[in-house]
Amino acid sequence: MIDVRLLRTNLDGVRSALARRGKPDLLVQVDEAVALDTRLREISLERDTLRAEVNDLSKQVGALRRDKKNDEAEALMERSRAGGDRERVLQSEIDTVQDALQQVMLRIPNLPHPDAPDGAGDHENPIVKGPINLPASFGDHQRVPHWETATALGILDNERATKIAGAMFTMQRGLGATLARALCQFALDQNADAFEEVRPPSFVTTATLTATGHLPKFADDAYAIERDDLWAIPTAEVPLTSLHAGEVLDEAELPVRLMAYSPCYRREAGSAGRDTRGMLRAHEFDKVEILAIARPEDAPALLTELVGRAEALMAALELPYRIIEICTGDMGGSHHRSFDIEVYAPGCDAWLEVSSVSWFSDYQARRADIRFKRTGQKGTEIANTLNGSALAVPRVWAAICENHRQPDGSVRIPAVLLPYMRGATHITPKA
RNA sequence: GGAACGGUGGCAGAGCGGCCUAAUGCACUUGUCUUGAAAACAAGAGGGUUAAUAGCCCCGAAGGUUCAAAUCCUUUCCGUUCCGCCA
């Protein structure tokens, strides 16, 4: 959520920043918010004045009662009662207006960073680095999609996954399952130098899913467990961001650096029929997420660091990759600035998004109420949050199957994963 | 799942309709004293909203009763203990 006060102090700035997202509706929402906020402040002032009166009268009633001056007390109670009645009317209007304002504010997206590139959609995301490791040409053996080769190798069994759970679920078997787990372990180990490993809950409350910006807007994309009023997390970003929700952190504790492996659940409403083959898109997948809660002034450097960490993993896995920056027209609602890492998969002949690293400024932290206190200063400030996928398993798994496929049909395990593969150096066809 | 008891300031803990603008202790900050520290004494100290050092709001949360709620009522969340069940 953006700061309501910005609507009062820098309305033009808000308008022009949001205009860059290229969605005219947003400006209408801003107007709505301004009107509601103005009204809210008016009637709040009125109510507070009334309350002050009632509080004062009540205090006098108490004093008169003690002095046994019951007649005088009665008279004051009468006045106080009248004030209370008017207050109740105002209060109900305040509740209505406040609620409406909250609903509008929750749906107004974050302001893009001044340096974020302008653009209308994903076709305008500039490539900021790469391609790296991209060979001049690929062999025919690499030009086979992983859903064919992996199935033949016996490491992918989506047919049975579908039997068990329905469309868009995947199942890895044998060394394929080991490879998926190896990728998680590798990503965690590579970041353990600076991040605390957390194993968070996979189900969260409505409040938690709202804090990161996934609700109310994206309710259809999340799995809801209605009986228990819980949601399945679409990413570990959700529980990790709220880990310190409602807390005031000490400046000295910042930045908080957390990482987590978690399963991720997405209904993929609206993308049914797209990328349904292989490992490109599924209702459930594994991911290692890295996240930081920081002072605003430290956020830019952390953003660079997180991107660098995600990039380093792709380089270590010997995969061809590039980094793109997300333009204003393609940027997620909570994002302030955002970079994606894409890996090239020669079998699919596509650049696959394998990591997304974002800076949320104070947008999520305000929703989650994550504040910090500067040493020696009064008051608190809203923190900044940043996060990124260190490694999202399925697409990296697919890219390994395609890029590292050998002429004999086997898949070479990248050297960095060998410690996790129980001695296997290649995944070979069953005899 | 059943039962009992709890959730108050950084911590401990009192208050159980009106001098609660929340006692007291510990911890904390500043000052006096001291070469410095300790001790003692004195003062101070939370968060939110607001232009405001005014007012208003915050005693787990949300409703309600009342002229007045930390205090009474309802709902709810969380915790502890016991029972049941269980990887």
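The values are calculated or read from the model by the stated rules, or taken from the named source; none is laboratory data. Keep in mind that this is a model prediction, so the values were computed, not measured. As a convention, Cβ positions derive from the backbone with ideal geometry for all residues, glycine included, and neighbour counts pool all protein chains shown. Areas reflect the complete protein model, heavy atoms only, side chains present, ligands, DNA and RNA absent. Shrake-Rupley method; radii C 1.70, N 1.55, O 1.52, S 1.80 Å.
Taking a point 7 Å from the Cα of A:Glu247 along the Cα-to-Cβ direction, the residues of segment A:169-203 with backbone N closer than 16 Å to it are A:195-201. Counting only alpha carbon atoms, the long axis of helix A:175-191 and the longest principal axis of chain A meet at about 50°. R0 = 51 Å: FRET efficiency of A:Arg107 with A:Asp408, Cβ-based, nearest 0.05? For R0 = 51 Å, the calculated efficiency reads 0.40. Here r is the Cβ-Cβ distance between A:Ala269 and A:Leu45 and R0 is 41 Å; the resulting FRET efficiency, rounded to 0.05, is 0.40.
In the assembled protein chains, A:Trp231 presents an accessible area of approximately 40 Å² (probe radius 1.4 Å).
Here the Gaussian network model covers chain A, with springs between Cα atoms less than 10 Å apart; of A:Arg181, A:Arg374, A:Arg65, A:Arg65 fluctuates the most. Any chance you could give the angle, 0 to 90 degrees and rounded to 10, that helix A:299-316 forms with the longest Cα principal axis of chain A? Result, in degrees: 20. Computed from the C-beta positions of A:Thr206 and A:Glu32, the FRET efficiency with R₀ = 25 Å rounds to 0.60. The residues packed around A:Ala299, meaning those with a beta-carbon under 12 Å from its beta-carbon, carry a net charge of -2 if Lys and Arg are +1 and Asp and Glu are -1. Of interest is the spacing of the C-alpha centroids, which for segment A:359-413 and segment A:219-281 amounts to 11 Å. Averaged per residue, chain A has 47 square angstrom of accessible surface, using a 1.4 angstrom probe with ligands and nucleic acids left out. Centre-to-centre, using Cα atoms only, segment A:289-313 and segment A:116-144 are separated by 22 Å. Here's the list of lysines a cross-link from A:Lys217 could span, going by alpha-carbon distance under 16 Å and ignoring same-chain residues fewer than 8 apart: A:Lys23. For chain A, the share of accessible area belonging to carbon and sulfur comes to 50 percent (1.4 Å probe, ligands and nucleic acids excluded). Computed packing ranks the peptides A:336-348, A:101-113 as A:336-348, A:101-113, most packed first, by mean other Cβ atoms within 10 Å. Calculated mean residue ellipticity at 222 nm for chain A: -13000 deg cm²/dmol, from DSSP H runs with n ≥ 4 weighted as -39500 (n - 2.57), summed, divided by the residue count and rounded to 500. Each distinct pair of alpha carbons in segment A:4-107 adds a 1/r term; the inverse of their mean, the Kirkwood radius, is 16.4 Å.
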